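The values are calculated or read from the model by the stated rules, or taken from the named source; none is laboratory data. Just so you know, these numbers come straight off a predicted model, no measurement behind them. Every residue, glycine as well, gets a Cβ built from its backbone with ideal geometry; the counts of neighbours run over all protein chains shown. When the accessible area is computed, the model is the full protein with side chains, heavy atoms only, and any ligands, DNA or RNA have been set aside. Shrake-Rupley method; radii C 1.70, N 1.55, O 1.52, S 1.80 Å.
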Amino acid sequence: MADILTPQDPSIILQAIGISKHFGGVQALKEVSISACAGEITGLIGPNGAGKSTLLAVLGGDTRPDAGQVLLAGVDFVGQRRGSAAQHGLVRTFQQASPIPNMTVLENVMLGGSQRIGPNGLGVVMSTRRLRTAEASLRDDALSLLAQLELTGLENRLAADLSFGQLRLLEICRALMAQPKVLLLDEPVAGLNSVETAHLGQVLAGLVDGGLAILLVDHDIPFMLGLCKVVFVLDYGEMIASGAPEAVERNPLVRAAYLGDEEDPGLSGEDH
Amino acid sequence: MMKADNVGVHYGAIQAVHGVSLEIKAGGFVLILGPNGAGKTSFISALAGIVPCSAGKIVLDGADVTHVSATRRVRLGVSLVPEGRGVLKGLSVKENLLLGWHASAKERRGSFSTGLGEVTEIFPRLSERLEQDCSTLSGGEMQMLAVARAMLARPKVILLDEPSLGLAPLAVKAVYAALRRLSELGMTLVVVEQKNVPITSVPDRTLVMREGEVLLDMADGRPSEAELAELYLGGRR
Amino acid sequence: MLFTIVEGISLGFIYALVAMGYSLIYRTTGVVNFAQGAFVMVGGMATYWALGVMHMPFVAAVIVGLLITALVGLILWMALVLPLWKRGSAGFVVILATLVFGDLADNVFEKWLGTNPESLPAWVSGRLVIGSFGISFEYLVIIVVSLIIMIAVGLFLAKTSTGIAMRACAADRVTSQLLGISPQSVGAIAMVSTAIFGGLAGIMLAPVQYTSYSIGLTYGIFGFVAAIIGGFGSLPGAVVGGIAVGLIESIAGRYVSSTYEVVIALVLLLVLLVIRPAGLLGKATDI
Amino acid sequence: ACGSSSSSGTSSTSSSKAPINIGVAVGLTGYLASDDVPFSEGVKLAAAAINAKGGIDGQKVNLTVQNMDSAASTGVTVVTQMIDQSHIDVLIGGSVSAATAAYAPILARAQVPMVAASVLPTDDQWQFSTLQPTSETNVDDLGFVKSKLHLTKVAVIYSETPYGEGAAARMTAEAKSIGLKVVSSQGVLTGATDMTPQLQKVQSSGAQAIVDVLTGPVHIVEAKDAANLGMHIPIVMGQDTRSIFLQSTQAYPNVYWTALGAQVYPHNSNPEVKAANAAFLPIYKKTYGSAPGEANAARGWDSMQIIAKAVSASKAITGTKLDTALEHVSYAGTETVYNYTPADHTGQFSVANPLGIGHFVGNKSEIVYTASS
Amino acid sequence: MTALLIVGLPILLNSSFWIYNVTLISTYAVVVIGLNVLVGYIGVVSFAQTAFMAVGGYGVAILTVNDHWNPWLASVVAIALAGVLAFILGFPLLRLRGHYLTMATFALAIAVYYFVTGAGFTGGAVGISAVPVLAVGSISFGNAVPMELLTAGVAIVALYLVSKLASSHIGRDWKAIAAREDVAVSLGVRVVNRKLMAFTLAAVLGAIGGVLYVEATSYVSPDLYSTTIIVNLFVMLFIGGRARTTGPVIGTAIVLVLPELISSLSGVEGIVFDALLILIILFFPRGVVGGLASLWNLLLARSRRHEIQPVPQVEGSEVISG
Ligand SMILES: Nc1ncnc2c1ncn2[C@@H]1O[C@H](COP(=O)(O)OP(=O)(O)OP(=O)(O)O)[C@@H](O)[C@H]1O
Ligand SMILES: Nc1ncnc2c1ncn2[C@@H]1O[C@H](COP(=O)(O)OP(=O)(O)OP(=O)(O)O)[C@@H](O)[C@H]1O
Ligand SMILES: [Mg+2]
Ligand SMILES: [Mg+2]
């Protein structure tokens, strides 16, 4: 059913083939295949409990699938050490916002760039020049990212004191700080208002222009359809459709399982 | 039946809510909108009693409940569906629902199985997951559980903090359809949202908040998407 | 061999009783209470006071002993854990506070009743003799009481709405408040019951060993080891863990070296944890 | 749970001489608290008695009691503090041998003599002991097993402390010389709460009696575990308090115990020792009633009296002079007669064994054997 | 500056008691500074610190007394041994989480305690005495003043080192691991590496403290590494203030000196000491240093609203309880 892009496509950077995963009696994913290309936003939608977050966890290397392969730039890293995904340039955000509560906003963002500096404990103790400049450039990058997502002014607040929406933005900042090749975003606009949603959309679009691949999960349909080049649809752990957004939106299976039958899903509609 | 009078909320030195007043009529439907950090959660939490008011007072059925604990307010008929769903790790879905049912005053609650039947009809997904540890539910499933749990408490006022958050379009419709039914049954609803949602009934009161203050207080209706964007944008520093 | 095993098991049940205390308070409040050992001491010493100093009848003395232990538990809750809890203190601060409280209890009882070890009379007399091997009925009492408590508490937590409410508190206090549960009183109930279990362990322990102001630490530690081995928070786990510790200790002591029995027991524990990082009956998600 | 101190003795009397500062380092808590608490009480009683008579030749006694928690590390801190802060002239040490060993070099460096109730680590001129050398105890216990119980195969159970390990070694050696055979020798950690493994090994070794060199609550554990194992052989217990012996006997009737001077009283074979007890025990009873620690208190009393004797002999309260005087003290105490010489810092080598073997019948204790009888 | 005063004053006053106390405080402070890296910053609640102290302490005692090594060489070898052991043991141990890790390290510490009590070459319960002292030329560290200067110097270096690390990107990783290990992993923080390094660093500092103590007292015995000491190390850290640079030193000083100050309360000083600790925990839940810091912040903000307590807020890494 799913018309996967051919693996030969050179712009494919992330590819998952035949992923299955079950929890006890729940088959969360059933032979799911998906791919994402550099310079594109790929969408993943589906009803609640369809297995989207589980798939992201598998792609991010946090959950080990029962079967299947995950290729990142051609390298299979299923079963590798935890965290190796990030070192290969794949970073994800969580569906439940996950700041480090006792660190400031700025520190949270700078944390994202941690692996850019490397271990170098000795350098720290000697306080080498190289390290100091690295740290300073990290700080500059972090501040400009915060500005980009309009969080300027909050950098010295403790992350624990932010509101829900602010946390989501912070989390995206932090992920970008790692300068990933692939970014997995789990419901980034849940909890953002329409203005911020639109703004974030622009930011993301700008990022992929720079060659990043984004795999996006969200329930905000206009947002998704407007941004994504390709959309995959999961239902009960199975891929029920994929392709261009317009085609997916018209797909009767998708309408039945996810969007509802009325023409206007009424998400941004007005009732009076 | 519930009244907030000049309510303020502080977190240490940060003031999140500046003197917000709101009168909620029995059986009414209040919608509170606002961008991030507007203080919506803080305000609704103060109504539920999980955050202390630093100023003003809260009256329920004519009695001052400003200093009544959240635990007692539940018995008095105020239920909150918190932001972030209040997941009780280690408890099954069914146990969650049982607690919700147990929280209601004896005279108001029917039998647990009837209540369970009602909510699983609205959220069939939950009936497939009754024995699952609720911390392993998907995000949307958790949200359904949280709403269902509050409904089982048969409150007089149900406060919902962004109930559509993370729900699939169909599920959002299901939740709002359910809320509408509750409203028709005479339950008072206070809903916090950021975006406009598919509400088929017209709220009899809409507040738009920003930076802890009320920007717009509108009776019988709500602002259009464009008006809302205007208000939010105007609020940005 | 058979005797060594039975001996290890009965010893294990003493640890199990203490381990269940740890698990109960943890399951219901999320608190790791290191004053658990102190309850064992208070139970034994307070009963000794009622019996040996005040010359009360046995049953009355046991009741008084348990009441005093419950009171100590309540004080611990009201004066120490609750204020820290309300403030949302990190778990480790609470642990430290309970540790210090345990030491304080030791010091108070040392001042009050002195440093002499004391015994309590047996609950039942006689020995069960089967063939060539025999064991005091007192050990059987410990086994039976522990099992009854385990089953009763387990059922209570799983089936009654109060039990479920208690577990809800451990998971998320704010949400449980929203469900009309008062974390304060749930915690108080949990702490007092834990205190009573600990006290009961101390009272049953005194006839087969002894009681003294300083007995708490040993049982606190080995009860904790048992709770961890079994899987922290699990009641059956506490019993399994207790038996495991008892068996390892008695078998190592008998067949390997009594000097190194504790070392052996602990090294085995380390190995076990490396193989099963969540204990015998714990789930990986509980970590 | 660290150091504590208290001072007793007053300076209000007319005496113009400087008081003698005596430090007392004892385990008021920890595994030997049941020995050291009464021990320190005995020291205090003696100091009070001496001061009530106007001091030692007019020199008041000023006590500084510090708790070292039965731990060597705390002992080092506490003794360092007493030397520097309280300027002690002499130290009375408690029964924790490891602690004695730990601070012995510090005292030697500061030239402060010590009279300890434990075994001594080295042959240092500054250290004296009031504890019966292990050989004494052993001969007594083994002699009892041999000549009273008429048994030949014994098991030795010892605590894993300097005292216990030393005693077990001596005992095994000496058993042979009196025609006994040690068939099993088992160590027990201090603070143990289970002794079944050791007792099982004893059982399977075919021992006809157990002789132990344990102290403290482990005695009770030993008796109860033996009862639970269904054992019947006699257990001859090492030095301890009456209360612990009584509780042990209640669990396991076949218990005999090593009785110290005050516990042997009034059956002491040496009339001088008997007289010393006759003087001391009423004083103890007056303050502590029927508290079970009289034997350890008596040793504390003796320690104080030995120092008093040395002070009045040398007219010195400090340093080498006092130390030399201690090396020549001869004193009939409640435990025994102490005849210190430069070569014998236990004072026991030339003295008849003062110990006895006790046994409880119901709540009444009786002395069933004395070595010299 | 303050450090200079604290170290210098006892010497000026010529109070051997205070010189000894500063030595003792510095010695334990080194151990607690190590513990702070683990418990305070990276959120690894390890009780194994006394085990590594024992490796240091017994290492130097055995190598010098039994094998007649030069004390300096023995010290370095003992400390290095502790580091290597920590590195090797860290691999399996650090896989464990939460209470289970705590328990495993606790087991390690008690096992070491019972082992040195039972073993022959460690001198059993008696321990080893007359450990040769360190010396440089004619300066013998057997004398109180040089020893005080040595230990204080080591403590200051350790303090500087750890504070430097804590304020760097490494410290940021530490805090992130403490609060949300999964998040740190997802951001590419080398969690295993960081934990292992922190564990080794703590062990080395523990061993240095162990060596210094034995060198200062010329004596080693099992009870230096008993459960009481383990608990005391934690009390020192928490009373002082976790994840605070100076917390370990202040805490160590309080725990070691407070008993002396109240030692005139004959008989009840244990009770009073515990009660004081409880009061500190209640009123300064983030330790004395943390408490003073937030008091200072409040003054700075001139806020009079601090009495309002918001919803239970994370006060630090939820290390142990959920
Ligand atoms: N540990 C687990 N144990 C049992 N079931 C689980 C576990 N984790 C996830 N599930 C189930 O797997 C299914 C897929 O969950 P997942 O979180 O991937 O859904 P989702 O598509 O992200 O949904 P949502 O849009 O609501 O976030 C759900 O039904 C969930 O209940
Ligand atoms: N516990 C807290 N401590 C300190 N400040 C807080 C705390 N909770 C919220 N705040 C601050 O109070 C303000 C209002 O927050 P609140 O959560 O009420 O906003 P909200 O309208 O619900 O936003 P959102 O739509 O993003 O959830 C924000 O600036 C936030 O940073
Ligand atoms: Mg999801
Ligand atoms: Mg909110």
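Sum up the charges of everything whose Cβ sits under 12 Å from the Cβ of D:ALA209, counting Lys and Arg as +1 and Asp and Glu as -1, but leave D:ALA209 out.
+2
Run the helix sum for chain E: -39,500 (n - 2.57) per DSSP H stretch of 4+ residues, divided by residue count, reported at 222 nm to the nearest 500 deg cm²/dmol. List each step's numbers first, then the result.
Working: 13 runs with 215 residues, N = 322.
Taken over chain E, the calculation gives -22500 deg cm²/dmol.
Go ahead and collect, in residue order, the members of region A:131-153 whose backbone nitrogen is under 17 Å from a label point 7 Å along the Cα-Cβ direction of A:ALA205.
Label zone hits: A:149.
Anyone know which of B:LEU165, B:LEU91, B:LEU216 comes out most mobile in the 10 Å Cα GNM of chain B?
B:LEU91
Just to compare against my own numbers: the Cα pair-distance distribution for chain B, 10 Å bins, whole % per bin, please.
Using 10 Å bins, I get a P(r) of 8, 33, 37, 19, 3, 0 for chain B.
Probe radius 1.4 Å, ligands and nucleic acids left out: which of E:THR122, D:THR341 has the largest accessible area, and how do the rest follow?
Output order, biggest surface exposure first: D:THR341, E:THR122.
Give me the extension gain from B:SER92 to B:GLU213: residue separation times 0.36 nm, minus the current Cα-Cα distance, reported in nm with one decimal.
39.6 nm
Once amide H atoms are placed 1.01 Å from N in the peptide plane, what residues at a sequence separation of 5 or more from B:GLU213, or on another chain, have their amide H within under 5 Å of its amide H?
B:HIS18
For peptide B:86-94, what's the mean number of Cβ atoms from other chains within 10 Å of each residue's Cβ? Numbers along the way, then the final one.
On the way: counts 9, 4, 10, 8, 11, 8, 1, 0, 1.
For peptide B:86-94, the averaged partner shielding equals 6.
Arrange the peptides B:46-54, A:209-217, D:284-292 so that the one whose residues have, on average, the most other Cβ atoms within 10 Å appears first.
Highest-to-lowest ranking by the protection proxy: B:46-54, A:209-217, D:284-292.
Which order do peptides A:198-204, E:286-292 fall in by mean Cβ count within 10 Å, highest first?
The peptides rank, most packed first, as E:286-292, A:198-204.
Counting only residues 5 or more places away or on other chains, whose amide H sits under 5 Å from the amide H of B:ILE32 once H atoms are built in the peptide plane?
Amide H neighbours of B:ILE32: B:VAL191, B:VAL192, B:GLU193, B:LEU207.
Apply 1/(1 + (r/R0)^6) to the Cβ-Cβ distance of D:LYS315 and E:VAL192, taking R0 = 60 Å, and write down the FRET efficiency to the nearest 0.05. Numbers along the way, then the final one.
Numbers: r = 72 Å, r/R0 = 1.20.
Working from the Cβ atoms, E equals 0.25.
From the backbone phi of region E:29-42, what are the Karplus-calculated ³J(HN,Hα) couplings (6.51 cos²θ - 1.76 cosθ + 1.60, θ = phi - 60°) in whole Hz, Gly and Pro given as x?
Residue by residue, region E:29-42 yields 4, 4, 4, 6, 4, x, 4, 4, 4, 6, 7, x, 8, 9 Hz.
In the protein assembly as shown, what % of DSSP beta bridges are antiparallel (nearest 5)?
DSSP beta bridges in the protein assembly as shown are roughly 50 percent antiparallel.
Of the candidates E:ALA158, E:ALA82, E:ALA202, which one comes out as most mobile in a Gaussian network treatment of chain E with C-alpha springs shorter than 10 Å?
Greatest mean-square fluctuation among the candidates belongs to E:ALA158.
At 1.4 Å probe radius, can you tell me the per residue accessible area of region D:32-80 in Å²? Numbers along the way, then the final one.
Details: 1060 Å² over 49 residues.
It amounts to 22 Å² per residue over region D:32-80.
Rounded to the nearest whole Å², what accessible area per residue is found for region C:2-275 with the 1.4 Å probe? Write out the running numbers ahead of the final one.
Values: 7990 Å² over 274 residues.
Value for region C:2-275: 29 Å² per residue.
At a 1.4 Å probe, which residues in region E:189-219 are at least 40 Å² less accessible with all protein chains present than in their chain isolated?
E:ARG190, E:TYR219
With a 1.4 Å probe and all protein chains left in place, how much of the accessible area of region B:98-237 comes from carbon and sulfur atoms, in whole percent?
That share works out to 54 percent.
Ignoring everything but the protein chains, give the 1.4 Å probe accessible area of D:SER40 in square angstrom, nearest 10.
10
Roughly speaking, what % of Cα-Cα pairs in region C:2-275 are separated by over 28 Å, rounded to a whole number? Display every interim value, and only then the final one.
Working: 12926 of 37401 pairs.
More than 28 Å apart: 35 percent of the Cα pairs in region C:2-275.
Restricting to Cα pairs below 8 Å that are 6+ residues apart, what does the relative contact order work out to for chain B? Please round to a whole percent.
27
What FRET efficiency, computed as 1/(1 + (r/R0)^6) with R0 = 45 Å and r the Cβ-Cβ distance, is obtained for C:ILE63 and B:ALA229, rounded to the nearest 0.05?
The value I calculate is 0.05.
Given only helices, namely DSSP H runs of n ≥ 4 each adding -39500 (n - 2.57), what is the per-residue ellipticity at 222 nm of chain A, to the nearest 500 deg cm²/dmol?
Computed mean residue ellipticity for chain A: -9500 deg cm²/dmol.
With n ≥ 4 as the cut-off for DSSP H runs, can you work out [θ] at 222 nm for chain C, using -39500 (n - 2.57) per run divided by the number of residues, rounded to the nearest 500?
Rounded to the nearest 500, it is -23500 deg cm²/dmol.
Residue-wise, which Karplus ³J(HN,Hα) couplings in Hz belong to region A:35-40, taking 6.51 cos²θ - 1.76 cosθ + 1.60, θ = phi - 60°, and x for glycine or proline?
8, 9, 10, 5, x, 9
Which cross-chain or sequence-distant (5 or more) residues have an amide H under 5 Å from the amide H of D:GLY358, H modelled 1.01 Å from N in plane?
D:TRP257, D:THR258, D:ALA259, D:VAL368
Over the alpha-carbon set of the protein assembly as shown, work out the extent along each principal axis and list the three values in angstrom, largest first.
115, 72, 65
Before we go on, tell me the buried accessible area for the E/A pair, both chains summed, 1.4 Å probe, in Å² to the nearest 100.
2700
Set the Förster radius R0 to 41 Å, insert the Cβ-Cβ distance between B:ASP204 and C:PHE156 as r into 1/(1 + (r/R0)^6), and round the FRET efficiency to 0.05.
So, using R0 = 41 Å, E works out to roughly 0.35.
If you bin the C-alpha pair distances of chain E every 20 Å from 0, what whole percents do you get?
Answer for chain E: a P(r) of 31, 58, 11, 0 percent.
With a cut-off of 8 Å between alpha carbons and a minimum separation of six or more residues, what is the relative contact order of chain A in percent? Don't skip to the end; give the middle numbers.
On the way: 485 pairs, mean separation 74.2, N = 272.
RCO, chain A: 27 percent.
Which whole-angstrom value gives the distance between the alpha carbon centres of region A:194-218 and region D:159-216?
79
For peptide B:143-156, what's the mean number of Cβ atoms from other chains within 10 Å of each residue's Cβ? Before the final figure, lay out each step's value.
Details: counts 2, 2, 0, 2, 0, 0, 3, 2, 0, 1, 3, 0, 0, 0.
Going residue by residue through B:143-156 and averaging, the value is 1.
Under a point-charge model restricted to the Cβ atoms of Lys and Arg (+1) and Asp and Glu (-1), what is the dipole moment magnitude of the protein assembly as shown relative to its Cα centre, in debye to the nearest 20?
Value, rounded to 20: 1120 debye.
How charged is the neighbourhood of E:ALA61? Take every other residue with its Cβ under 11 Å from the Cβ of E:ALA61, and add Lys/Arg as +1 and Asp/Glu as -1.
It works out to a net charge of -2.
Would you work out which of E:GLY142, E:ALA78, E:GLN49 lies farthest towards the positive end of the dipole of region E:20-179, given +1 charges on the beta-carbon of Lys and Arg and -1 on that of Asp and Glu, about the Cα centre?
In region E:20-179, that residue is E:GLN49.
Using only Cα atoms, find the angle between the long axis of helix B:93-103 and the longest principal axis of chain B, and express it within 0 to 90 degrees, rounded to the nearest 10.
For B:93-103 against chain B, the angle is about 60 degrees.
Mind checking E:255-263 for the average number of partner chain beta-carbons within 10 Å of each residue's beta-carbon?
4
In Å² (nearest 100), what accessible area is buried between C and B, both sides summed, heavy protein atoms only, 1.4 Å probe?
In total, chains C and B hide about 1600 Å² from solvent.
Compute the acute angle (0 to 90°) between the alpha-carbon long axis of helix B:139-152 and the principal axis of greatest extent of the alpha-carbon atoms of chain B; round to the nearest 10°.
90
Am I reading the A/B interface right? What is its buried accessible area, both sides, 1.4 Å probe, to the nearest 100 Å²? The partial results should precede the final answer.
On the way: alone 13490 and 11000 Å², together 21260 Å².
It comes to approximately 3200 Å² buried between A and B.
Take the alpha carbon gyration tensor of region C:61-115, find the square roots of its eigenvalues, order them as a ≥ b ≥ c, and report rounded if a/c is under 1.5; if not, report prolate when a/b exceeds b/c, else oblate.
Details: a/c = 3.51, a/b = 1.71, b/c = 2.05.
Cα axes put region C:61-115 in the oblate bin.
Testing the spin-label approximation: label points 7 Å from Cα along Cα→Cβ at C:ILE130 and D:GLN125. State their distance in nm.
Each label point is offset 7 Å from its Cα along the Cβ direction, giving 6.9 nm.
Could you tell me the relative contact order of chain D? Use alpha-carbon pairs under 8 Å, at least six residues apart, and round to a whole percent.
On the way: 824 pairs, mean separation 61.3, N = 373.
For chain D, the relative contact order is 16 percent.
If I model a spin label at B:VAL68 and D:SER350 as a point 7 Å from the Cα along the Cα→Cβ vector, what separation in nanometres do I get?
Using points 7 Å along Cα→Cβ, the separation is 9.3 nm.
Once you place label points 7 Å from the Cα toward the Cβ at D:ALA343 and A:SER137, how far apart are they in nm?
Here the modelled spin labels are 8.4 nm apart.
Report, in debye and to the nearest 20, how large the dipole of region E:2-307 comes out about its Cα centre when Lys and Arg carry +1 and Asp and Glu carry -1 on their Cβ.
On the way: 15 positive and 11 negative charges, 266 e Å.
Dipole of region E:2-307, to the nearest 20 debye: 1280 debye.
Over all alpha-carbon pairs of region B:125-236, lay out the pair-distance distribution in 10 Å bins, whole %, shortest bin first.
Answer for region B:125-236: a P(r) of 12, 41, 32, 13, 2 percent.
If I compute solvent accessible area with a 1.4 Å probe over the protein chains, what percent of it on chain D is carbon and sulfur?
That share works out to 54 percent.
To two decimal places, what compactness ratio does region E:86-217 give when its Cα radius of gyration is scaled by 2.2 N^0.38 Å?
Compared with the compact-globule rule of thumb, region E:86-217 sits at 1.33.
How large is ³J(HN,Hα) for each residue in region E:48-60, as worked out from phi by the Karplus curve 6.51 cos²θ - 1.76 cosθ + 1.60 (θ = phi - 60°), to whole Hz, x for Gly and Pro?
7, 4, 5, 4, 6, 4, 5, 4, x, x, 5, x, 5
Rounding to the nearest 10 and keeping the result within 0 to 90°, find how far the Cα-based axis of helix E:169-179 lies from the longest principal axis of chain E.
That helix lies at roughly 70 degrees to the long axis.
Does region B:1-88 come out rounded, prolate or oblate by the C-alpha gyration tensor, with a ≥ b ≥ c the root eigenvalues, rounded set by a/c under 1.5 and, if not, prolate when a/b is larger than b/c and oblate if not?
It is rounded, given that a/c, with a ≥ b ≥ c, falls under 1.5.
Based on the mean of other beta carbon atoms within 10 Å per residue, what is the order of E:209-216, A:42-49, most packed first? Don't skip to the answer; put the middle values down first.
Details: E:209-216: 28.8, A:42-49: 26.1.
Top of the packing list down: E:209-216, A:42-49.
At a 1.4 Å probe radius, carbon and sulfur cover how many percent of the accessible area of region C:2-275?
Here carbon and sulfur together make up 74 percent of the probe-accessible area.
If Lys and Arg each add +1 and Asp and Glu each add -1, what is the summed charge of the other residues whose beta carbon sits under 14 Å from the beta carbon of E:VAL268?
Values: positive: C:LYS111; negative: C:ASP103, C:ASP106, C:GLU110, E:GLU269, E:ASP274.
After counting each charged neighbour, the total is -4.
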